[in-house]
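The values are calculated or read from the model by the stated rules, or taken from the named source; none is laboratory data. Keep in mind that what you see is a predicted model, and the values were worked out from it rather than measured. Here the Cβ positions follow ideal geometry from the backbone for every residue, glycine too, while neighbour counts run over all protein chains shown.
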Amino acid sequence: MFKTRLLAFVAAIAILPACTNAPPLAQNVSPAAATASAQPFTYEGYGKILQTYVNAKGLVNYSALQANPQPLKAFVASLGAVPPSTYAAWNDLEKIAFQINAYNAITLESIIDQKPLKKSIKDIGGVWNSAQHLVLGESKTLDNIEHQTLRKQFNEPRIHAALVCAAISCPPLRQEPYTGEKLNTQLDDQVRQWLSTTGLQIDHTQNKVKISAIFDWFGDDWQKQYSVEGKFAGNGKQRATLNFISRYVSPSDQDYLAQGKYKVGYLNYDWSLNRQ
């Protein structure tokens, strides 16, 4: 009897794995990916990169960054390791900050991956609409981040002062990451910096006002909030953008813009690399 029971017990043990929900044998998991996903998300490393390689004018020392790419590549890798459930739990300001930082960091990586460096980001084929990057566990292009996420999901035209496409006529690259906690202050400051550099020219003597071509390309984003009649010059899109711009200039320029006694045009866009 004992021998019979012993044989039955051994047989039961032999078939147990097939009858339970026990996990399968460990799969091959990249140690780097496992480490990245286990760490809380932080902008600390990215902040150090910006402080090190971006000057006060928002220009980038791409040669030096290219010589030490590992910290940037580690940060870009961390963007892909953030679980969608973690992102979903963030508020809108945190989500916008994350997406802006993702766009700018991936752009930096796209530039330094070219050897030798290109004279313009436009010389990199497919940089915006073909090259795939892992963000929140999904393959995304730069266009996906800008047009399908930021512009589509959030009614926040100030993002155009923060997204930097690595060109001289882009807004200046900030020397710090964007964060949800400081986003409103950071975006307002970015708009002022942009308008004071490549975003706005007011010629009182010639009665001409020229604004960045970005206001032309994405003017509809401002019309949603800043559409106005009876003030400013130009068509509906231009009046809306000038209404927005007037919030960030001196009181005398506010009055001048509101009166509309000038011609509106767009500044030529310099696509040369925004390098030091």
Restricting region 168-196 to residues that are farther than 23 Å from Ile106 by Cβ and not acidic (Asp, Glu), the residue that is surrounded by the fewest Cβ atoms within 10 Å (Cβ to Cβ):
Thr185
Return yes or no: is Asn274 under 27 Å from Asn155 (Cα atoms) and either buried (at least 17 other Cβ atoms within 10 Å of the Cβ) or in contact (Cβ under 8 Å) with a residue 12 or more places away in the chain (or both)?
no
So Leu200 passes all but one of these: (1) crowded, with 19+ Cβ neighbours inside 10 Å; (2) within 16 Å of the chain's Cα centre (by Cα). Which condition number does it fail?
(2)
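Condition check ((1) buried (at least 16 other Cβ atoms within 10 Å of the Cβ); (2) small (Gly, Ala, Ser); (3) modelled with pLDDT under 95) across all residues:
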position: Gln39; (1), (2), (3): no, no, yes
position: Tyr46; (1), (2), (3): yes, no, no
position: Leu50; (1), (2), (3): yes, no, no
position: Ser85; (1), (2), (3): no, yes, no
position: Glu94; (1), (2), (3): yes, no, no
position: Asn104; (1), (2), (3): yes, no, no
position: Asp123; (1), (2), (3): no, no, no
position: Gly126; (1), (2), (3): no, yes, no
position: Ser130; (1), (2), (3): no, yes, no
Could you pull out every one of the helices (runs of 4 or more DSSP H) wholly within region 47-112 that has 3 or more residues that are more than 20 Å from Gln148 (Cβ to Cβ)?
62-67, 70-81, 92-112
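Which of the residues spanning region 132-150 are in a loop (DSSP other than H, G, I, E, B) and either surrounded by fewer than 18 Cβ atoms within 10 Å (Cβ to Cβ) or β-branched (Val, Ile, Thr) (or both)? Show your work before the answer.
Initial filter on region 132-150 (in a loop (DSSP other than H, G, I, E, B)): 132, 136-137, 141.
Gln132, Gly137, Thr141, listed by residue number.
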In contact (Cβ under 8 Å) with a residue 60 or more places away in the chain and out of contact with any Asp or Glu (no Cβ under 7 Å at 6 or more places or on another chain): which single residue out of Lys115, Lys119 fits that description?
Lys119
